[in-house]
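Undergrad: Sharing a structure below in structure tokens format, with a few things to ask.
Rule-based calculations on the coordinates, nothing more; no lab input. Being a predicted model, the structure only gives us computed values, none of them experimental. Because the Cβ atoms are built from the backbone with ideal geometry, glycine has one as well, and the counts that use them run over all protein chains shown.
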Amino acid sequence: MYRFAICDDNPADADYVTLLIKEWNQKAGVPLQTEKYPSAEAFLFAYEEDDSVDVLFLDIEMGAMSGIQLAKKLRAMSARLQIVFITGYMEYIDQGYDVEALHYLIKPVTGEKLGAVLDRAMARLKARENALTLSAAGSKVRLLLHEIQYLEVMKNYVTVYAGEGQEYSVKRTLSELESELDDSFYRIHRSFIV
């Protein structure tokens with residue numbers, strides 16, 4: 001189940017975006033839920049409790065905290081959610097790219113434009129889902145493929161090296177693990193996959 005959030009202080013705009021998402025989803029058939037937040041502060045409070053939101057549709061000009069300020073706070077928290085700005089103001093486009101926004105839409109948004117952005121967001125989400133599951137040290141570890149740097153075999157063990165110095169050694173063959181990886185990996189030696 002994917003989670004989409006709409007953060008807009010104008011309830012009519014939030015309802016309209018929700019309707020467009022539902023119309024897109026009738027064709028896409030993606031299991032998702034949408035949530036609405038009336039302010040940046042309300043979203044931030046909820047996100048600190050549960051950060052499983054996948055895509056955030058964010059207005060820029062709101063109450064005390066703007067959408068740009070919220071996006072900066074989210075990025076400082078290393079938030080992986082995708083941000084789509086939906087606003088009536090062109091002058092904020094540069095700041096939208098500073099916070100790695102997926103897209104910047106000008107109100108009023110059409111179903112066609114929002115649908116194209118949703119298609120891109122879903123492609124990114126699906127790419128992130130590809131994972132390798134390992135049984136290491138008595139527990140199961142799920143590593144997203146894009147986090148894996150390389151795999152190395154020594155004797156009967158393969159060590160999987162992931163970001164931030166994470167290492168997982170498993171008693172499996174390199175060929176077995178290779179079959180579970182996607183085509184972004186390449187076997188450069190009989191002992192290494194990068």
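Undergrad: Which of Thr173, His103, Phe43 sits closest to the plus end of the dipole of the chain, meaning its Cα is farthest towards the positive end, when Lys and Arg get +1 and Asp and Glu get -1 on the C-beta?
TA: Checking the options against the dipole of the chain, the answer is Thr173.
Undergrad: When the Kirkwood radius is taken over all Cα pairs of the chain, what Stokes-Einstein diffusion coefficient follows at 25 °C and 0.890 mPa s, in µm²/s? Mind showing how you got there, number by number?
TA: Working: Rh = 18.8 Å.
Calculated translational D: 131 µm²/s.
Undergrad: Distance check, please: which entries in Lys27/Lys72; Lys27/Lys126; Lys72/Lys126 exceed 29 angstrom between their Cα atoms?
TA: Listed pairs above 29 Å: Lys27/Lys72.
Undergrad: First check a/c for segment 1-50, with a ≥ b ≥ c the square roots of the eigenvalues of its C-alpha gyration tensor; if it is under 1.5, answer rounded, and if not, answer prolate when a/b is larger than b/c or oblate otherwise. Intermediate values should be presented prior to the final figure.
TA: Working: a/c = 4.87, a/b = 1.40, b/c = 3.47.
Oblate shape, in that a/c is at least 1.5 and b/c is the bigger or equal ratio.
Undergrad: So which DSSP H runs in the chain come out at 15 Å plus along the axis (Cα) with average Kyte-Doolittle of at least -1.0? Walk me through the intermediate numbers first.
TA: Numbers: long enough: 11-28 (25 Å, -0.45); 111-129 (26 Å, -0.42).
Taking the DSSP H segments of the chain (at least 15 Å long, mean hydropathy at least -1.0), we get 11-28, 111-129.
Undergrad: For segment 107-194, state which GluC sites (Glu not before Pro) are in a DSSP loop and have at most 10 other beta carbons lying within 10 Å of their beta carbon.
TA: For GluC sites (Glu not before Pro) across segment 107-194 that sit outside H, G, I, E and B with at most 10 neighbouring Cβ atoms in 10 Å, the list reads Glu164.
Undergrad: Using DSSP to define loop residues, name the trypsin sites (Lys or Arg not before Pro) in segment 101-189 whose beta-carbon has at most 10 other beta-carbon atoms within 10 Å.
TA: Lys155, Lys171
Undergrad: Tell me, how many Å apart are the Cα centres for segment 49-116 and for segment 1-46?
TA: Using only Cα atoms to place each centre, the spacing works out to 12 Å.
Undergrad: Can you return the lysines within cross-link range of Lys107? Criterion is Cα-Cα under 20 Å, with same-chain partners fewer than 8 residues away left out.
TA: Here the lysines satisfying the reach criterion relative to Lys107 are Lys22, Lys36.
Undergrad: Out of Gly29, Gly111, Gly165, any idea which swings most in a Gaussian network model of the chain, alpha carbons joined below 10 Å?
TA: Among Gly29, Gly111, Gly165, the largest GNM mean-square fluctuation belongs to Gly165.
Undergrad: Which whole-number percentage describes the relative contact order of segment 52-132, with Cα contacts under 8 Å and a sequence gap of 6 or more?
TA: Details: 83 pairs, mean separation 21.9, N = 81.
Averaging sequence separation for qualifying contacts and normalising by length gives 27 percent for segment 52-132.
Undergrad: Let me ask something else about it. List the GluC sites (Glu not before Pro) within segment 47-97 that fall in a DSSP loop (any state other than H, G, I, E or B) and whose Cβ has at most 16 other Cβ atoms within 10 Å.
TA: Glu61
Undergrad: Suppose only helical runs count, i.e. DSSP H with n ≥ 4. What mean residue ellipticity at 222 nm does that imply for the chain under -39500 (n - 2.57) per run, divided by all residues and rounded to the nearest 500 deg cm²/dmol? Don't jump to the answer; show the numbers that get you there.
TA: Details: 6 runs with 69 residues, N = 194.
Using -39500 (n - 2.57) per qualifying helix, the result is -11000 deg cm²/dmol.
Undergrad: What is the extension gain from Gln166 to Glu48, computed as 0.36 nm multiplied by their sequence separation minus the C-alpha to C-alpha distance, in nm to one decimal?
TA: The span from Gln166 to Glu48 would gain 40.0 nm if fully extended.
Undergrad: Kindly state, to the nearest 0.05, the FRET efficiency for Arg124 paired with Asn156, given R0 = 35 Å and r defined as their beta-carbon distance. Before the final figure, lay out each step's value.
TA: Numbers: r = 37 Å, r/R0 = 1.06.
In this case the efficiency is close to 0.40.
Undergrad: Same structure, new question: Let me know the longest stretch in the chain that avoids all chymotrypsin sites (Phe, Trp or Tyr not before Pro) found in a DSSP loop with at most 14 other C-beta atoms within 10 Å.
TA: Longest stretch, sites excluded: 90-185.
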